[in-house]
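Heads up, the thing below is written out as structure tokens.
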Amino acid sequence: MPERMNDIFLLRSFKLSLLRLQEYSLFTFENIRSIGSAWRYRRDTLEQMYIIGAQAFLIVFLAGLFMGIIMSIEAGHRLETFGAKLLVGRTTSLALFRELGPVITGLMLAARTGAKNASELGSMQVSEQIDALRAFGTNPIEKLAVPRLVAALIMFLPLTLVADLVGLLGGMFVSDLWLHVDKAFYWRSAVFDLKVKDLIVGFSKPVIFSFFISTISCYYGLSTTGGTVGVGRAAVNAVVVSSVIVLFNDFIFTKVVWSIL
Amino acid sequence: MIKLEHISVEFEGRKILDDVTFRVKDGETKVMLGPSGAGKSSLLKVILGLWRPDAGSVMIDGTEITHLSERDQLPIRRRMSMVFQGNALFDSLTVAENVGFFLREHSDMTSLEIKNRVQDCLDFVNLSDSGKLLPEEISGGMKKRVAIARAIAFHPEIILYDEPTTGLDPLNAKTITELIMRLKRERQVTSIIVTHILRDAFAVGDTLAVVNDGRIVFDGAPGDLLAFGDPFVQDFLSEIRAEASLLAHQ
């Protein structure tokens, strides 16, 4: 009997997950269909660009800086063993531009933007403000979700570039200080050895990540139920699911790119 | 005219509305009475198209709205307005911005025209000097009045009120009831008011409907309700009788 109950529970959970996926797909489709409303609500879009982009500058700056420093120290010491420490610039820039920059920035923004979107929209949902918007003939997806999506699509790319460049600079100073690699040499090998392919890979990822982080967090926010506890649950789910999706997309994207490029 | 026919709504296996049928004529004020959890607020959400019923139809001036998509419902919703139980004021906007929200979103009015209309609405609810305040800076009674000002700003044909006086002190509740009566008198809007306060129901209602367990158990004139023999209705009415006898003794 308990085994049967377990089966029923698993079946219900599976059905619920499928329903959630269906709802999310429809929500995402509606976002894409309404993308033009970002112009109509350009003030909201600009405000979100400021919140999602400008206000996240410091956290991305610090994350990028420490990433570059750690990467240079780790790579430098390993390469030194083989007498190849001059490759530290190239190794650091490749790791930063292709993987670490987009992924760490993606995870930072999944936490910051994901929690913000889900809790903000969740609070509006449980206090009937979303119902009020709908009652007054305003589509909440157009007014609230699309400006957030467009702002994320625009701002994640420059933020990733900031993380990459600051990381490179951090790595350069550490390499000069502790590994005694000439700054000019480091910079030349870091920048000029990068190929167009690396840049395409590195700068495509933030666009994909921003799309998923924004739609997932807005979906969780707008489907919040259960009062303040529900708001907390929506924020946690948004951050966890967005982070996992960032890593999963990174894996898929890397695999696909290696297969075709 | 608002026409509901055989509306049923189920949520997580529980019937919230069960075969509900009623009509509200143009200019009429219908009060939906009943205990908390009876399904009164759900009815408003179905009428506004925020909830899709599992069965039945909702007609607003001859247009069936239950099968319309959210996008297609928007033009019909723009003729209606609602005062929410928790007010649902947009907390990031000032009082004046809340009141002018619909006009900025859906009208071709200039900023000056909107500003004047907002001021008129704030004057109507006696909040002339509160436009610059945020919702968190005003009292519960004032919030309710802002919600009413927001609801009337675009001159809707239909206004739905969800528990407009619940949680307010008697003085504020009286102010709100008077505002609703003034709106009825001066603007002839069609109204549906959900409440469990009998005194308000008799004060403003042209017709009353009593809801219990998702079903309409009475629908008619206020005078007929007092004579209605249903045990639940009589039990519900005992409150107003007790109040009346208390007043008589005083």
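The values are calculated or read from the model by the stated rules, or taken from the named source; none is laboratory data. Just so we're clear, the structure is a prediction, and the values are computed from it rather than from any experiment. All Cβ positions, glycine included, derive from the backbone under ideal geometry; neighbour counts span all protein chains shown.
Brief remarks on what is shown
- Counting only helices (runs of 4 or more DSSP H) that sit completely within region B:80-171, those holding 2 or more residues that are surrounded by fewer than 18 Cβ atoms within 10 Å (Cβ to Cβ) and not hydroxyl-bearing (Ser, Thr, Tyr) correspond to B:101-106, B:111-124, B:140-152.
- Filter result (more than 18 Å from B:Ser191 (Cα to Cα) and either away from every other protein chain (no Cβ under 13 Å) or of a type in the set (A, V, I, L, M, F, W, C) (or both)) within region B:66-95: B:Thr66, B:His67, B:Leu68, B:Leu74, B:Ala88, B:Leu89, B:Phe90, B:Leu93, B:Thr94, B:Val95
- Residue in region B:35-53 that is away from every other protein chain (no Cβ under 12 Å), of a type in the set (A, V, I, L, M), more than 13 Å from B:Glu5 (Cα to Cα) and not in a helix (DSSP H, G or I) present: yes
- A:Glu99 being assigned to a helix (DSSP H, G or I), modelled with pLDDT under 95 and either more than 21 Å from A:Ile208 (Cα to Cα) or of a type outside the set (Ser, Thr, Tyr) (or both): yes
- Residues in region A:95-115 include none that are out of contact with any Ser or Thr (no Cβ under 7 Å at 6 or more places or on another chain), polar (S, T, N, Q) and buried (at least 20 other Cβ atoms within 10 Å of the Cβ).
- Condition broken by A:Gln48, with the remaining ones in (1) at pLDDT 95 or above; (2) surrounded by fewer than 20 Cβ atoms within 10 Å (Cβ to Cβ) satisfied: (2)
- Only one entry in A:Val236, A:Val231 is within 30 Å of B:Ala88 (Cα to Cα), of a type in the set (Val, Ile, Thr), at pLDDT 90 or above and surrounded by 19 or more Cβ atoms within 10 Å (Cβ to Cβ), namely A:Val231.
- Selection status of B:Val20, modelled with pLDDT of 90 or more, under 12 Å from B:Ile158 (Cβ atoms) and more than 14 Å from chain A (Cβ to nearest Cβ): no
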